[in-house]
Amino acid sequence: MIYGTSTASYQIEGAAFEDGKGLSVWDVFCERPNVIKNSDTGNVSCDHYHKYKEDIKLLSELGVTSYRFSISWPRILPNGIGEVNPKGINFYNNLINELLKYNIEPCVTLFHWDYPYELDKQGGWLNDKSSDWFEYYTEVVAKNFGDRVKMFITFNEPQVFIGHGHATGHHAPGKRLSMRELAACSFNVLLSHGKAVKKLRELIPDCKVGYTSATTPAIPVNSTEKNIDAAYKEFFSFNKYYWFWNTAWWCDPVFKGTFPESAEFSEISKFLPKNYNDYLKIIYQPLDFCGINCYNGNYYDIDKNGNAVCVPHSSNASKTAIGWPVTPDALYWVTKLMYERYKLPIIITENGMACHDTVSLDGCVHDFDRIDFLNRYLLGVEKAKSEGIDIIGYYTWSFMDNFEWEEGYQYRFGLTYINYETGERIKKDSFLWYKKYINKYI
Ligand code: GCO
């Protein structure tokens, strides 16, 4: 079992305009007035670009066997395609070598939302060339790092960068597209995934590849067969209004080689290429694991006809600092539901919580809420494993506090506290707890 921790390039690196890096849509989006809390930006963030050695040393103290991070596409390809930036390549080479020095397996996410601005100017995911651009970027990654990196995730949470970035517009690139355009973007993302997997397999035959979906599982309130069935149906249902948040839409083509089987799907498929099923030959590639990001779930009972009915969270239920409900059985149910449908080994690629962390008089960060959260959620993982669900990895979100997208720096998800004024790193109590937890299993 892999025990790791996750980050993403734009959220931690900083050095947004240094060493020949091109602009990403997040660099540009953060310049808009009133889109990010306190007008925060990722320009400096944790300054991981300069402090990576210190950070990886901390990672080795944490005792993780793997570290999941993403590559900033415009850092290595300033225009998204074409000329490679040697300083960008150099940064990731150093980072990877440093990880290997401590025996930490790098797990690279190809795309965690910092899309090259130059390509966005040409339409971004709407452009029919976008999957070729992504394939080219993948080739550059594979050729430069594939001798040492063997574990890849093509996309992180397509739901979110399409849903928030292109539908509601409160994430970069801040677009509010029509249904027709959203369908085109989404289809290009699915195609990009398929082309990237093929390229990785061709250039790194011994690599392991997965794809990570955002999930909010439907949790049955009773463990009766009927309630479980209803929760399963609910979780994988296709809704024509929120289809781009749908697990089935984003996961069925990739993990199962089918498009969602639902009458409502025709409302969306009318916007896809006529012969859209033929494209499954590209989209559906054998994968080594199914990546799941999960923070919480929703509870469901059944009505007289056996249909799922949402049960609101109790007013006593705990909430994280960002307001998300704490539902410790979420990991048990999400892994069960996803495994039943896709039958692939599962890696939980993100799980964690935001707390109101402060440095106490003794200089420590006593985040007992986070310890309790991780403890409870990990019990769900243990339970699922004991019932035969093939969970092969777990990564906390996040290794360190970082830029939480439109929420700026106000919420802290890290095991490591960052003092954004001085750059100081402090191991929180949860860091020490997770270290002990991992130690028990290794
Ligand atoms: C996501 C992203 C992360 C977030 C984390 C907390 O899941 O939205 O992958 O970048 O920071 O999930 O919201």
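Any read-out appearing in this document is the output of simple, stated calculations on the displayed coordinates, not a laboratory observation. What you are looking at is a predicted structure, and each value in this text was computed from that prediction instead of being measured. Please note: Cβ atoms are built from the backbone with ideal geometry, for glycine as well, and neighbour counts cover all protein chains shown.
Points to keep in mind about this one:
- Pairs beyond 20 Å (Cα-Cα), from Lys101/Lys428; Lys256/Lys281; Lys21/Lys150; Lys304/Lys343; Lys143/Lys195; Lys175/Lys270: Lys101/Lys428; Lys21/Lys150; Lys304/Lys343; Lys175/Lys270
- Per-residue ellipticity at 222 nm computed for the chain from its helices equals -11000 deg cm²/dmol, with DSSP H segments shorter than 4 residues left out and the rest contributing -39,500 (n - 2.57).
- Spatially, the stretch 257-310 and the stretch 362-409 are offset by 27 Å when compared through their Cα centroids.
- Most simply put, the chain has about 20% antiparallel DSSP beta bridges, counting only bridges with both residues inside it.
- Across the chain, C-alpha contacts under 8 Å between residues 6 or more apart give a mean separation that, scaled by the residue count, equals a relative contact order of 17 percent.
- Cα gyration tensor category, rounded, prolate or oblate, for the chain with a/c compared to 1.5: rounded
- When you filter the GluC sites (Glu not before Pro) in the stretch 197-261 for DSSP loop state and at most 10 other Cβ atoms inside 10 Å of their Cβ, you are left with Glu261.
- Other-chain or far-sequence residues with amide H under 5 Å of Ser24's (modelled H): Tyr117
- Of the trypsin sites (Lys or Arg not before Pro) in the stretch 5-99, not one is in a loop by DSSP (not H, G, I, E or B) with at most 13 other beta carbons within 10 Å.
- Applying both filters, DSSP loop and at most 11 other Cβ atoms within 10 Å, to the GluC sites (Glu not before Pro) of the stretch 351-410 gives Glu387.
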